[in-house]
1. So is Phe108 farther than 15 Å from Leu16 by Cα, at pLDDT below 95 and surrounded by 14 or more Cβ atoms within 10 Å (Cβ to Cβ) or not?
2. Considering only residues that are at pLDDT below 95 and either among the basic types (Lys, Arg) or farther than 29 Å from Gly101 by Cα (or both), which ones fall in the stretch 7-32?
3. Keeping to the stretch 21-36, report how many residues are among the hydrophobic types (A, V, I, L, M, F, W, C) and touching a helix residue (DSSP H, G or I) at 6+ places or on another chain (Cβ under 9 Å).
4. Could you tell me whether any residue of the stretch 26-49 is within 19 Å of the chain's Cα centre (by Cα) and within 23 Å of Arg125 (Cα to Cα)?
5. So is Arg68 within 24 Å of Val115 (Cβ to Cβ), charged (D, E, K, R) and surrounded by 12 or more Cβ atoms within 10 Å (Cβ to Cβ) or not?
Amino acid sequence: MKTKKGVLAICILIPLAVGALSSLLTKDSMAEFELLNKPLLSPPGWLFPVVWTILFVLMGIASYLIYRQGTEDPQVRQALVIYGIQLLFNFFWPIFFFRFGWYLFSFFWLVILWVLILVMISKFRKIDETAAKLLVPYLLWVTFAAYLNFGVFLMN
């Protein structure tokens, strides 16, 4: 199937914009976060935006691979709805965690996000195997983020 570069660019820009807006809304809270006790294996702060940017690009490419199958297909529509819902959960997690410091609430929010990602991967796999595989690093990173989130909750 031929790549429509404009549609691909929009699909990539959507999650990048969601991440950028969420980051903008939590930017002032990062200094406070640096002062918190963090669990073992906590990466340096500079790594988070790098990893999230890569994950958002992969997410955008995956959504494009699904979208190009045609939104007249109910499976495609359902997969894209799940994609949108998980993106919304992704948007709010940093706000709850960094801005409000709701560490336990944020952990449970992240667990819901993790489940949504798993459902999304399952829905995507039925439509396009490559799209599903592109989301595996996202699931792994959110698993690691849940470990960090819970560790911060326990230690602070």
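1. For Phe108, the condition - farther than 15 Å from Leu16 by Cα, at pLDDT below 95 and surrounded by 14 or more Cβ atoms within 10 Å (Cβ to Cβ) - is not met.
2. Lys27
3. 5
4. no
5. no
The values are calculated or read from the model by the stated rules, or taken from the named source; none is laboratory data. Values in this document were obtained by computation on a predicted structure and should not be read as measured data. Backbone-built Cβ (ideal geometry, glycine too); neighbour counts: all protein chains shown.
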